[in-house]
Amino acid sequence: MSVGVADNRLKVAVVGCGGIANEHLPYLASSPLAHLVGVCDTSRATAMFAQTRFGADGFFLDAQEMLQSTQPDVVHVLTPPQSHGALVSMSLKAGAHVICEKPMTASVSETAELLALAKTCGKWLIESRNLLFNDNVIKINGLVEDGTLGEIREVDLLLSLDLNAGPFGDLNLEGPGVQLPGGAVQDFLPHLAYLFLHFAGAATSAGRVCGILENLSGNGRVGFDHLDALVLSDNCRGRLRISSDLKPDMFRLIVRGSKGIAESDFYNPYLRVQLSEDSGKWAPFEQVRAGYRLARSGFGNLRDKVLQHGTYHGMPRMLDAIYKALASGGSSPIAASDIEATAALVDALVALRSTR
Amino acid sequence: MRVLVTGASGFLGKAVVRAAAAAGHRVVALVRPTADVSNLGWPDNVEVIKGDLRQMGAWRDHLDVDLVIHLAAAPSGDIATQFAGTVQATENLLDSLPLRSLRRFIHISSFSVYDYSIRPKHGIIDEATALESQPQARDAYTITKMLQESLVIDRCDDTGLECVIIRPGAIYGPGKDWDCGTALSFKSFDLLFGPLGAFRLTYVDNCADAIVRAIDADVGKARVFNIVDDECPSLWKYHNACRRAGARAGFVIPVPWLLIAALGRMVRLVNRLAFRNRAKLPELLEYRRQQARWRPLRYSNALARNVLGWTPSVKLAEGVARTVVKKADSAG
């Protein structure tokens, strides 16, 4: 790569080189828009490994030192949620745009403060919402935008995943699995909240929320492991559910409109579209067609697993959209108002917590 | 000597604690908080400490020891899980230990760190064999075990601490039989890949004995010791031994190494041409991983025998018999 091109790349630094960094760093290592100037982690071995594996210029154990030393244009904050606030604030004040993993904060008030700080600093602050960039979400977007599904009336997001089995519920470790008021559930809630708001078209209002957030397993580390909520927002309603006691794992998205229904899954993707004309005598034909498409999805998923096109495949697409917008001086593909609305809905859902 | 054993409730760790205590050492056994240590048969003078090396915790208050035997690792899971349980855990341990006052650090590594793509001299894998040059082309276990070993060596060198690296082969014993050497099973048929190649086995108690001998052996300039038993049977012979001992082994379908290798090479070529090496395939189809597991090679334990004075006392037939009986008991 020529020096001229290299000079045009955005200098990028990453704070936190654990699990989710493995989804950000491959893009940063290969993008012609980004130059990875530093990686930082409190673990020296982790930081060194990330530097070697992804070709960063340097590694650091202290975020402040990295910011001063590398003066990045963009900082990715990929640490545990409780440390996001301080790192985002530090990065913005150092003159960098920030891309932060979800959940960015523990409450909407903290999110609003950070967004206000970003505005004051004249920088972008973006909370990751990679699932919006997954293949089938983009296809369903198309069906919504061209009116195929009609007016969207219901959006259901049903996640079945044993939160106790992962690090959140690991009883070998001390302290809470995640330091959030909504426990492990809250770590996943932004996904459900931004997807609901996106398809419900309710960018600024969470509407009414009812339901329950509880701990069914009795595992103290996990905090909360079960959410079942109904959300009513303007003309759209939805069910948001996170269950730890159901098998198999699934993450289903169902968008129902006045003219049709679209359904997909993030873990084993398929797309089923049922339209109003597929009812009555035509219903069996729709089922045969859906069966054929399901079989094709099965083969596609097999190919995707081999080619490592997994649940996070929207991440590089999201990052590319952000970096292209930054490089061209365009507007952010993820608006601050959407980030705040998501945090408000998450707050409302966390408020459902029981003391059982 | 006061000896800290990490990973003490693991398959090998349990045997190491027993052997070290039997050799007269005062053992501090670090086990995970959820481990059940009530039925391990350890002597009463074994001091059990509960803690997880992935976190700095109260286990750090029990590090007034003379020597460390470090077995703790995460052998399964994705790269993040194995990195945390193997590399970060080791980093936390090294950061917490009084390295300059220790007499020796015995690190339990693995045969997975060797490069099986290059044919070693005389076809024998020994301590001088080159290390894997492309761990990312193998698996998370190889990546993390290599990083872990390198971390230990660097820190010991930095502090002048004597370091002994033990690289055990495939450890078997009650609770772990490697599916009698089977690569794949279909109903009553067992596919044996490279059935005539040597299986680098070591019985769990033999391996524990070698590790305990490394506590006070005069190792001179030697640092690394490969641990395999004297008798490395072919996969087919091991399968037969398991069957004779009463294991429910199926009818053998031998698949020659050349056939496996041809398949692996073909898949590698397709992956390179069609998918630009992006495809992640099962071990059965990845040539480099096939080589690590089934390439016909021989293994030497000469250095461990000569320097550590180790002799594997449990022979194959006895080891297999103990393993199969235990499995039958568990099934019953």
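Mind running the shape call on chain B? Use the C-alpha gyration tensor, a ≥ b ≥ c as the square roots of the eigenvalues: rounded below 1.5 for a/c, prolate if a/b tops b/c, oblate otherwise. Here chain B falls in the prolate category. At a probe radius of 1.4 angstrom, the accessible area of the range A:3-127 per residue rounds to 40 square angstrom.
Rounded to the nearest 10 degrees, the angle from helix B:204-216 to the longest Cα principal axis of chain B is 40 degrees. Of all DSSP-defined beta bridges confined to the protein assembly as shown, some 40% are antiparallel rather than parallel.
Isolated cysteines in chain B, defined as those with no second cysteine Cβ under 4.7 Å, comprise B:Cys207, B:Cys232.
Accessible-area rank, largest first, for A:Leu197, A:Leu171: A:Leu171, A:Leu197, with all protein chains present and a 1.4 angstrom probe. Couplings 3J(HN,Hα) for the range B:157-167, derived from phi with the Karplus relation 6.51 cos²θ - 1.76 cosθ + 1.60 (θ = phi - 60°), are 4, 4, 9, x, 7, 5, 10, 10, 9, 9, 10 Hz, where x marks Gly and Pro. Ordered by 1.4 Å accessible area with all protein chains kept, B:Asp95, A:Asp249 run largest first as B:Asp95, A:Asp249.
Pairs from the table (A:Lys123/A:Lys305; A:Lys305/B:Lys187; B:Lys176/B:Lys221; A:Lys102/A:Lys139; A:Lys93/A:Lys324; A:Lys102/A:Lys305) lying more than 28 angstrom apart at Cα are A:Lys123/A:Lys305; B:Lys176/B:Lys221.
Taking every C-alpha pair closer than 8 Å and separated by at least 6 residues, the mean separation divided by the residue count of chain B gives a relative contact order of 18 percent.
Heavy-atom accessible surface of A:Ile20, to the nearest 10 Å², is about 40 Å², with a 1.4 Å probe and all protein chains retained.
Residues of the range A:25-52 buried by at least 50 Å² of accessible area upon assembly of all protein chains, compared with the chain on its own (1.4 Å probe): A:Ala45, A:Phe49. Based on DSSP H segments of at least four residues, each scored -39500 (n - 2.57), chain B has a per-residue ellipticity at 222 nm of -10500 deg cm²/dmol. Surface exposure of chain B, expressed per residue as accessible area with a 1.4 Å probe, stands at 45 Å². Whole-percent P(r), the range A:3-127, all Cα pairs, 10 Å bins from 0: 14, 48, 31, 6, 0. Proximity of backbone amide H atoms, modeled 1.01 Å from N, is registered between B:Tyr114 and B:Glu132 at under 5 Å, excluding neighbours fewer than 5 places apart on the same chain. So which residues of the range B:60-86 lose at least 50 Å² of accessible area, probe 1.4 Å, when you go from the chain by itself to every protein chain present? When all protein chains are present, B:Phe83 each give up 50 Å² or more of accessible surface.
Helix A:21-30 versus the longest principal axis of chain A: what is the Cα-based angle in degrees, 0 to 90, to the nearest 10? In chain A, helix A:21-30 runs at an angle near 70 degrees to the longest axis.
Remark: relative contact order (chain A) = 17 percent; criterion is Cα-Cα distance under 8 angstrom and separation of 6 or more residues. Report, to the nearest whole %, how much of the accessible area of the protein assembly as shown belongs to carbon and sulfur atoms, 1.4 Å probe, protein only. The value for the protein assembly as shown is 53 percent carbon and sulfur by accessible area.
Each residue of the range B:109-119 is assigned a 3J(HN,Hα), and the resulting list reads 9, 7, 5, 5, 7, 7, 8, 8, 7, 9, 6 Hz, derived from the Karplus form 6.51 cos²θ - 1.76 cosθ + 1.60 (θ = phi - 60°), x at Gly and Pro.
Diagonalise the Cα gyration tensor of the protein assembly as shown and give the resulting equivalent ellipsoid semi-axes, square root of 5 times each eigenvalue, largest first, whole Å. Could the numbers behind the result be given before it?
Working: eigenvalues 457, 192, 133 Å².
The equivalent ellipsoid of the protein assembly as shown has semi-axes of 48, 31, 26 Å.
Overall, the anisotropy analysis places chain A in the prolate class: the square-rooted eigenvalues a ≥ b ≥ c of its C-alpha gyration tensor yield a/c not less than 1.5, with a/b exceeding b/c. Cα centroid separation, the range B:268-332 to the range B:47-115: 24 Å. What residues have an amide H closer than 5 Å to that of B:Ala170, excluding those fewer than 5 places away on the same chain, when H is modeled at 1.01 Å from N in the peptide plane? Amide H neighbours of B:Ala170, under 5 Å, 5+ apart: B:Arg200, B:Leu201, B:Thr202.
Legend: residues in the range A:297-311 shielded by at least 10 square angstrom of accessible surface upon adding the remaining protein chains to the isolated chain (1.4 Å probe, heavy atoms) are A:Val306, A:Leu307, A:Gln308. Legend: residue pairs B:Lys14/B:Lys326; B:Lys50/B:Lys145; B:Lys14/B:Lys237; A:Lys11/B:Lys280; A:Lys247/B:Lys326, Cα-Cα distance threshold 25 Å; pairs beyond threshold, B:Lys14/B:Lys237; A:Lys11/B:Lys280; A:Lys247/B:Lys326. Once A binds B, the 1.4 Å probe can no longer reach about 1600 Å² of accessible area, counting both sides. Quick one: angle between helix B:257-275 and the longest Cα principal axis of chain B, in degrees between 0 and 90, rounded to 10, please. Approximately 90 degrees, to the nearest 10.
Output the relative contact order of the range B:1-107, whole-number percent, from Cα pairs under 8 angstrom with separation of 6+ residues.
Contact order relative to length: 28 percent.
Once all protein chains are placed together, B:Cys180 keeps about 10 Å² accessible to a 1.4 angstrom probe.
In this Cβ point-charge picture (+1 for Lys and Arg, -1 for Asp and Glu), the range A:3-127 has a dipole of about 120 debye about its Cα centre. Semi-axis lengths, largest first, of the ellipsoid equivalent to the range A:145-239 are 31, 12, 11 Å, with √(5λ) applied to each eigenvalue of the Cα gyration tensor. Taken one residue at a time, the phi angles of the range B:176-183 give Karplus couplings (6.51, -1.76, 1.60, θ = phi - 60°) of 8, 10, 6, 6, 6, x, 6, 7 Hz. Gly and Pro are set to x.
The values are calculated or read from the model by the stated rules, or taken from the named source; none is laboratory data. Keep in mind it's a predicted model, so treat the numbers as computed, not measured. Note that we place each Cβ from the backbone using ideal geometry, even for glycine, and neighbour counts take in every protein chain shown. The area values use the complete protein model at the heavy-atom level, side chains included, leaving out ligands, DNA and RNA. Shrake-Rupley method; radii C 1.70, N 1.55, O 1.52, S 1.80 Å.
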